[in-house]
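No lab work stands behind these numbers, since they all come straight from the coordinates. Keep in mind the model is a prediction, meaning the values are calculated, not measured. Don't worry about glycine lacking a Cβ; one is built from the backbone with ideal geometry, like all the others, and counts go over all protein chains shown.
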Amino acid sequence: MRQSFWKKVLAAWLSFLLIFMASLVPGLDGTAAEGAVTVSAPSAILLEAQTGTVIFEKDADRICSPASITKIMTLLLIFEALGQGQIHLTDEVVTSEHAQSMGGSQVFLEAGEVQTVETLIKCIAVASGNDAAVAMAEYICGSEEAFVTKMNEKAQSLGMTNTHFTDCCGLTDDDSHHTTADVAIMSRELVQKYPDIYQYTGIWMEDITHTTARGSTPFTLSSTNKLLKQYQWATGLKTGSTAKAKYCLSATARKDGIDLITVVMTAPDSRARFLDAATLLSYGYSVSALYRDDNKDQLLPVSVKGGQEETVPVVYASEFVWLDTNGNDISMVQKKISVPKEAEAPVVVGTKAGEAIYRLNGEQIGTVPILYASNVEKAFYRDYVKKAVTAFLL
């Protein structure tokens, strides 16, 4: 009886210990379990930029006012316009009276003042200039209203279903202008597609020149993102604050080749948002290991049945990148190539031939398509005759 009693006590303690340890370890889906890390903000999310893997989230669907982190979408559309050749960094933009009239954070552009697109990007990314954001919106779309329509269309295309913008800079402080921690989605789109943004979001201080009818005067842009000085690996991205939004931040960082994005919404004060962001980023790096296969190895061609060519080359569709947050040994990842021994003509370039399958600890963690790299037309009678003649002459 006595031995049985102590066995039950020991079993109870072991059960408690396992439950306690589980609360400190990320869940099997890679998302931090409750209690893994603590932040003061009511809504937050942490993800790895390249794979989009969510590492931590706290009430990420909570509807919030975004304040100036609205400008992440503005910057995304600016860089899209640059990428499409619609505008250029050296283009000169004339400030309108509407742009000059913006309150809040500004760089004090005057109506009629001319600045280059690149300078205005710095004004937005570094100093969060509302006037600069409106000037760029008008330059790209003709009016801020038209630009905002484009912002909302882009948000919907990215799957930001609980987002609606009313202006391009975040000054609107009512329920019509809202989003969630899905800010991380547009942040990821910006930094992944347009990494040149880091050239601007990493600036701490820089001077620009105001040239007006009264002459030229220098103006110092000072970053609103204090995390650049407070967190060693910070690379950006954007701060925001209004009475309704309180204090929010989308922060990016790079360490050991891993890019993380954390979004903190409705923090109680400025210090708290930066502390929460640093806490989440440090937590992310403590649990993350990134596996990468560039897929540069040469693949054997596939035989073609009934084709004008006897074989067809195949290539990987892309590299493979996978994030582990469960402490696995990623050097143990295994890759298996699965392609057919033979394809039947006709073969169309770009269609899927097979796939590379990645496994860890016996479980599949991902795949990469393997594609046919050229066309192979179906052979006809004359093609077989030609082959026979060629073979005979050789």
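Of note:
- Eligible aspartates and glutamates near K378 by straight Cα distance, threshold 12 Å, same-chain separation 8 or greater: E309, E310, E344
- Here's the picture: charge each Lys and Arg Cβ at +1 and each Asp and Glu Cβ at -1 in the chain, and of I124, Y139, T311 the one pushed furthest to the positive end of that dipole is T311.
- Derived scalar couplings between HN and Hα for segment 224-236 equal 7, 8, 5, 4, 4, 9, 9, 10, 4, 9, 5, 10, x Hz in order, rounded to whole Hz, by the Karplus curve 6.51 cos²θ - 1.76 cosθ + 1.60 (θ = phi - 60°), x for Gly and Pro.
- Of K122/K229; K226/K296; K58/K229; K229/K296, those spanning more than 29 Å from alpha-carbon to alpha-carbon: K226/K296; K229/K296
- Förster radius 41 Å - calculated FRET efficiency between N326 and F219 (Cβ-Cβ, nearest 0.05): 0.25
- Estimated FRET transfer efficiency when R0 is 25 angstrom, pair D175-E145 (beta carbons, to 0.05): 0.85
- Above-threshold pairs, the threshold being 32 Å between Cα atoms, out of K150/K336; K238/K352; K193/K305; K71/K255: K150/K336; K238/K352; K193/K305
- Basic side chains Lys and Arg get +1 at the Cβ, acidic Asp and Glu get -1 at the Cβ, and with that the dipole of the chain about its Cα centre reaches some 1600 debye.
- Estimated inter-spin distance, E319 and R254, nm [label 7 Å along Cα→Cβ]: 1.2
- Projecting the Cα positions of A353, G52, S101 onto the charge dipole of the chain (unit charges on Cβ atoms of Lys, Arg, Asp and Glu, taken about the Cα centre) puts A353 furthest along the positive direction.
- Counting 0.36 nm for each residue step from E92 to K352 and taking away their Cα separation leaves a gain of 89.0 nm.
- Pairwise centroid distance, computed over Cα atoms, of segment 115-152 with segment 318-351, Å: 42
- As a calculated quantity, the FRET efficiency between Y194 and F380 at R0 = 56 Å, using C-beta atoms, amounts to about 0.70.
- Note on the chain: Cα convex hull, mean projected area over all directions, 30.8 nm².
- Pairwise Cα separations in segment 85-140 fall into 5 Å bins from 0 onward with the following percentages, short to long: 4, 25, 36, 24, 8, 2, 0.
- HN-Hα J in Hz across segment 118-129 - Karplus 6.51, -1.76, 1.60, θ = phi - 60°, x for Gly and Pro: 5, 5, 5, 4, 4, 4, 7, 6, 8, 9, 6, x
- Helical runs (DSSP H, four residues minimum) scored at -39500 (n - 2.57) apiece and divided by the length of the chain put the mean residue ellipticity at 222 nm at -9500 deg cm²/dmol.
- Scanning residues 5 or more positions from F56 or on other chains, those with amide H under 5 Å from its amide H are A32, L46, with H placed 1.01 Å from N in the peptide plane.
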